[in-house]
Amino acid sequence: MPTPTKPSQLSYIAQYCYSFEKMINKNILFIITVLLLSCQDKQQQLNLTQGLHISDVTIITTEDGNYDTYIGHLVVEKGKIIYVDKQKPSINGTFKEINGTGKFLIPGLIDSHTHITEVQGMLSHHREKYPELAEAFNEQMPRSYLYHGFTTLINLGGISEKQILFFNNQPLKPDLYHTGRSGASVANGYPMNFAPEQYRFEGAPNFVYIESEAKNIPSKFNPSDHTPKAVVKRIKKSQAIAVKSYYESGFRGMPKLPVPTKDMMNDLLNESHENGLLLTVHGNSLEAHSFLAEVGVDVIAHGLWNWEKYKDVPQDSLPEEIKSVLDLHIQKQIGYTPTLTVIAGEEALADSEFLKNPQLKKIVPQQLLEWYGTEEGQWFANDLFADYTSEEVFKIYGNIQAHAMLALKYLSDNEGLILFGTDTPSAPTYGNQPGHNGYWELKLMKEAGVPLPKILSSATINNARAFHLDSIGSLAIGKKANMILMTKNPLKEIEAYNSIEKVVVNGDVVEREELSVQ
């Protein structure tokens with residue numbers, strides 16, 4: 001038998017074991033702490049050569065529409081975000097530091113419906129007569145978008161390589177994406193109908209052949225070159241990110257225009273997807289939205305404001321047929337671009353105070369502003385409203401806008417997919433000025449009842465995802481450093497979008513006032 005252990009020995013052994021265990025635990029804790037600190041230091045040690053550190057700023061970003069804001073730090077290196085977190089990183093090297101205390105940082109805004117090829121309020125003969133006005137506008141225009149925080153534009157219409165090159169050669173500019181040399185309109189349909197017949201087809205090389213117009217298409221155009229497949233292939237080759245098509249049977253006294261068939265639109269949709277593109281389609285009427293929702297296109301480039309047979313219903317009443325069409329949008333998660341400033345920008349022509357807005361002086365060259373006030377500059381207003389008083393114009397357009405807002409609120413309340421876009425300019429109106437029109441659109445969305453978080457998402461992450469622009473739309477590691485630093489919180493007040501202090505474009509910091517008309 002083993003010798004029994006004495007009580008004193010037991011006490012000694014117990015004390016020894018306890019002391020040993022305590023020492024081991026301390027050592028383990030020490031080792032774990034050292035390892036954690038080591039890993040932490042390694043993770044946060046940033047060596048920069050062309051860097052930017054925005055410190056102690058309220059970071060507002062989302063990947064799914066839910067915002068969890070916090071005060072933190074964001075670091076950029078060579079135009080890309082490499083760090084974003086609550087904890088302050090350790091930084092070495094060459095970098096600029098911005099103290100963001102009390103300020104708010106959001107991703108750069110995306111306007112998914114612009115036409116940078118136009119000079120607001122001018123037709124081609126005006127541009128030829130006043131080349132200095134057109135030149136001043138075109139040089140300021142990219143800066144005007146940046147002035148209001150728009151760091152990305154999508155040109156949803158025809159654009160030439162020369163126009164793209166001119167824009168991209170400007171020293172300060174948003175990122176530009178486009179839909180090719182022309183949209184995929186049906187032959188002689190909208191918007192081809194605006195061009196003189198002798199230039200119409202050359203100006204729209206991506207028109208789609210339609211049998212009903214066969215007699216009106218010049219014989220030199222081979223139908224096989226204008227099938228949906230051939231058209232989408234050309235658009236893809238032009239480095240476009242989407243295909244733009246149209247469903248417009250006419251407005252303002254136009255003769256009935258040809259529109260695409262369901263088979264044609266389905267072919268355009270399928271060919272777009274086969275080529276890695278999305279299909280966005282012009283349409284603003286009940287007829288158009290019904291057709292496009294049934295097909296299930298990716299994006300409808302306008303809101304539903306032309307209620308046709310329901311145009312005279314009360315402004316607070318949503319007819320069941322309209323509701324059913326919107327429900328289909330929601331069910332299929334079709335991108336819905338309200339473009340409320342299309343209506344507001346035309347109505348502005350009847351407002352004698354519009355051109356006196358001091359904000360316009362920040363983004364429109366002074367000589368062009370003065371020209372708008374001349375009889376010649378009022379040509380479009382005279383064309384539209386010669387037979388109407390201002391009060392009649394406001395009543396007509398107010399009714400249309402009320403219907404547009406009601407449709408938008410229904411979509412917003414029921415989780416529709418809202419995409420921010422302005423259609424700047426929607427017509428040859430001086431009422432749709434670059435950048436300023438975007439801020440106006442944001443305010444109109446708020447007036448319609450869209451919550452502020454949804455408005456911000458519509459102009460950032462929603463647009464980025466819908467148009468497959470994975471490098472932008474949120475503040476995350478690896479994404480392009482397109483950002484806005486503002487003094488107010490856009491989740492709390494819509495006026496925040498006019499409290500911009502700095503705009504960061506591809507990592508370069510620009511003071512807002514440097515972007516205004518000099």
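Of all residues in segment 298-315, those being loosely packed, with under 15 Cβ neighbours inside 10 Å and within 27 Å of ASN432 (Cα to Cα) number 4.
Report, by residue number, each residue of segment 479-508 that is under 26 Å from ASN155 (Cβ atoms) and open to solvent by 40 Å² or more (accessible area, probe 1.4 Å). Selection gives LYS480, ASN498, ASN506, ASP508.
Mind listing whichever residues of segment 371-425 are of a type in the set (A, V, I, L, M, F, W, C) and closer than 30 Å to ASP298 by Cβ?
Listed by number, the residues that qualify are ILE400, ALA402, ALA404, MET405, LEU406, ALA407, LEU408, LEU411, LEU417, ILE418, LEU419, PHE420.
Looking at ALA288, ALA293, ALA301, just one residue is at pLDDT 95 or above and closer than 19 Å to THR424 by Cα, and that residue is ALA301.
Applying the criterion of at least 3 residues that are touching a residue at least 40 places away in the same chain (Cβ under 8 Å), within 22 Å of ARG143 (Cβ to Cβ) and not acidic (Asp, Glu) to the helices (runs of 4 or more DSSP H) found wholly in segment 415-518 leaves 436-448. Among the residues of segment 259-297, those that are surrounded by fewer than 21 Cβ atoms within 10 Å (Cβ to Cβ), outside any helix (DSSP H, G or I) and not β-branched (Val, Ile, Thr) comprise ASN275, GLY276, LEU278, SER285, GLY296.
When only residues in segment 373-397 that are aliphatic (A, V, I, L, M) and under 33 Å from the mean Cα position of the chain (by Cα) count, which is farthest from TYR130 (Cα to Cα)? Ranking the candidates gives ILE396 first. If you check LEU165, LEU146 for being under 16 Å from GLY421 (Cα atoms) and part of a helix (DSSP H, G or I), only one passes: LEU146.
How many residues, within segment 357-392, are among the aliphatic types (A, V, I, L, M), closer than 30 Å to SER458 by Cα and in contact with a helix residue (DSSP H, G or I) (Cβ under 7 Å, 6 or more places away or on another chain)?
2
Within segment 160-171, residues that are in contact (Cβ under 8 Å) with a residue 24 or more places away in the chain reach partners that are open to solvent by 70 Å² or more (accessible area, probe 1.4 Å) and not in a loop (DSSP other than H, G, I, E, B) with beta carbons closer than 8 Å, at six or more positions or on different chains, in the pairs GLN170/GLU139. Looking across LEU411, LEU485, LEU406, one residue alone is over 16 Å from the mean Cα position of the chain (by Cα) and over 27 Å from HIS289 (Cβ atoms). It is LEU485. Restricting to segment 74-95, and then to whatever is of a type outside the set (A, V, I, L, M, F, W, C) and closer than 20 Å to ASN506 by Cβ, can you tell me which residue is most open to solvent (accessible area, probe 1.4 Å)? Among those residues, the one meeting the criterion is LYS78. For segment 117-143, a residue qualifies if it is among the polar types (S, T, N, Q) and outside any helix (DSSP H, G or I), and the qualifying residues are THR117, GLN120.
Do we have any residue at all in segment 170-191 that's in a helix (DSSP H, G or I), of a type outside the set (A, V, I, L, M), at pLDDT 95 or above and surrounded by fewer than 19 Cβ atoms within 10 Å (Cβ to Cβ)? No, because not a single residue in segment 170-191 is in a helix (DSSP H, G or I), of a type outside the set (A, V, I, L, M), at pLDDT 95 or above and surrounded by fewer than 19 Cβ atoms within 10 Å (Cβ to Cβ). Close Cβ contacts (under 9 Å, 6 or more residues apart or on different chains) running from residues in segment 214-229 that are touching a residue at least 24 places away in the same chain (Cβ under 8 Å) and among the β-branched types (Val, Ile, Thr) to residues that are part of a loop (DSSP other than H, G, I, E, B) and open to solvent by 50 Å² or more (accessible area, probe 1.4 Å) comprise ILE217/TYR209; THR227/TYR209. Of the residues making up segment 332-342, those that are open to solvent by 10 Å² or more (accessible area, probe 1.4 Å) and part of a helix (DSSP H, G or I) are LYS332, VAL342. Set side by side, the residues THR429, THR389 differ, and just one is open to solvent by 60 Å² or more (accessible area, probe 1.4 Å) and among the polar types (S, T, N, Q), which is THR389. The test for being hydrophobic (A, V, I, L, M, F, W, C), out of contact with any Phe, Trp or Tyr (no Cβ under 6 Å at 6 or more places or on another chain) and closer than 29 Å to SER390 by Cα holds for LEU360.
Residues in segment 212-240 that are open to solvent by less than 80 Å² (accessible area, probe 1.4 Å) and of a type in the set (D, E, K, R) were compared, and the one that is nearest to LEU278 (Cα to Cα) is ASP225.
The values are calculated or read from the model by the stated rules, or taken from the named source; none is laboratory data. The shown structure was predicted, so the numbers you read here are calculated from the model rather than taken from an experiment. Every residue, glycine among them, receives a Cβ derived from its backbone with ideal geometry; neighbour counts consider all protein chains shown. These area figures cover heavy atoms from the full protein model, side chains too; ligands, DNA and RNA do not enter into them. Shrake-Rupley method; radii C 1.70, N 1.55, O 1.52, S 1.80 Å.
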